[in-house]
Amino acid sequence: MTAEERQRAIVGVARRSGAVQVTQLARDLGVAKETVRRDLRVLEAHGLLRRTHGGAYPVESAGFETTLALRATRHVPEKRRIAAAAAELVGDAETVFIDEGFTPQLIAESLPRDRALTVVTASLTVASALAPVDDWTVLLLGGRVRGSTMATVDHWTAKMLAGFVIDLAFIGANGISREHGLTTPDPAVSEVKRQAVLASRRRVFTGIHTKFGAASFCRFADVPDLDVIVTSTSLSTAEAHRYSLQGPQVIRV
């Protein structure tokens, strides 16, 4: 197996499983750990993987995006803490937008049920979970359903959003960086997120630490567009401060 073939195999495993470990790759490929580490450095330089201690995880791009099912298996305790902290920011909002994705789904489950609320979402999963709640109105945005995320996209979805004024939006992204802002791989998804940002008075980004410093294909917002960022303590204090200098409050839980 050539180095190029080995590296393609590593990327394939990372995308299927969500992450790879040096020790396991070395065993499976029949090579030294240092060979795997060298491959990971090359793949990181090409923007295909991001290295972690002892391994790496795939970078989402125009040609690759993780599924909702896979997201529901990774960093779950961290995502639950973030979701619970984000839900506490509802305040006196009467209308809330909840983005597609697993962490927004956890936010939906954490929202206070003790008063009336109107929820706007493109996520079929969120809509089905919240529709039975008494005194709540759930508006599911129409459009083409993406099987990987079970959410609607395209111009129908964006056009509906453009007609609303929403008190608070919980926004997700595949990557967030101080240089490139908030990004996602799919242009259709990007347009829905962009309209949600434009339609909302307050905007809260929620994401685990691995989202930070990553940039995907389509940019839909800048860091200064956000009012609050909610993430975990795995994002360093120094890095959180750098984001806060661009405007948003950064909450680490």
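Accessible-area rank, largest first, for E4, E88, E60: E88, E4, E60, with all protein chains present and a 1.4 angstrom probe.
Loop sites here are trypsin sites (Lys or Arg not before Pro) outside DSSP states H, G, I, E and B with no more than 13 other Cβ atoms within 10 Å. The longest part of the chain free of them is 116-253.
Each Lys or Arg adds one and each Asp or Glu subtracts one; over the other residues with Cβ under 9 Å from the Cβ of P185, this totals -3. Remark: the chain carries a charge dipole of roughly 820 debye about the Cα centre, counting +1 on each Lys and Arg Cβ and -1 on each Asp and Glu Cβ. Please work out the C-alpha center-to-center distance from region 215-253 to region 89-148 and express it in whole Å. Here the answer is 23 Å between Cα centres. The GluC sites (Glu not before Pro) found in region 98-184 that occupy coil by DSSP, while having at most 13 further C-beta atoms within 10 Å, are E179. Seen from I208, the other residues with C-beta closer than 15 Å to its C-beta sum to a net charge of +4, counting Lys and Arg as +1 and Asp and Glu as -1.
Where does the chain land at 222 nm, in deg cm²/dmol rounded to the nearest 500, when only DSSP H runs of n ≥ 4 count, each adding -39500 (n - 2.57), divided by all residues? Can you show the working numbers first?
Values: 10 runs with 97 residues, N = 253.
Per the formula, -11000 deg cm²/dmol.
Where the accessible area of region 141-253 is counted over protein heavy atoms with a 1.4 Å probe, how much of it, in %, is carbon and sulfur?
53
Entry comment: accessible area of region 1-109 is 50 Å² per residue, from protein heavy atoms only and a probe of 1.4 Å.
Between helix 3-17 and the chain there is an angle of about 30 degrees, using the helix long axis and the longest principal axis of the Cα atoms. Against the chain, whose longest principal axis is taken from its Cα atoms, helix 187-199 shows a tilt of about 40°. Between 0 and 90 degrees, rounded to the nearest ten: what's the tilt of helix 76-87 against the longest Cα principal axis of the chain? Orientation of helix 76-87: about 30 degrees from the principal axis. Largest mean-square fluctuation among E34, E65, E78, in a Gaussian network model of the chain whose springs join Cα atoms under 10 Å apart, belongs to E34.
The values are calculated or read from the model by the stated rules, or taken from the named source; none is laboratory data. Keep in mind the model is a prediction, meaning the values are calculated, not measured. A quick note on method: Cβ atoms are made from the backbone with ideal geometry, for glycine too, and the neighbour counts reach across all protein chains shown. All accessible areas refer to the heavy atoms of the entire protein, side chains included, with ligands and DNA or RNA removed. Shrake-Rupley method; radii C 1.70, N 1.55, O 1.52, S 1.80 Å.
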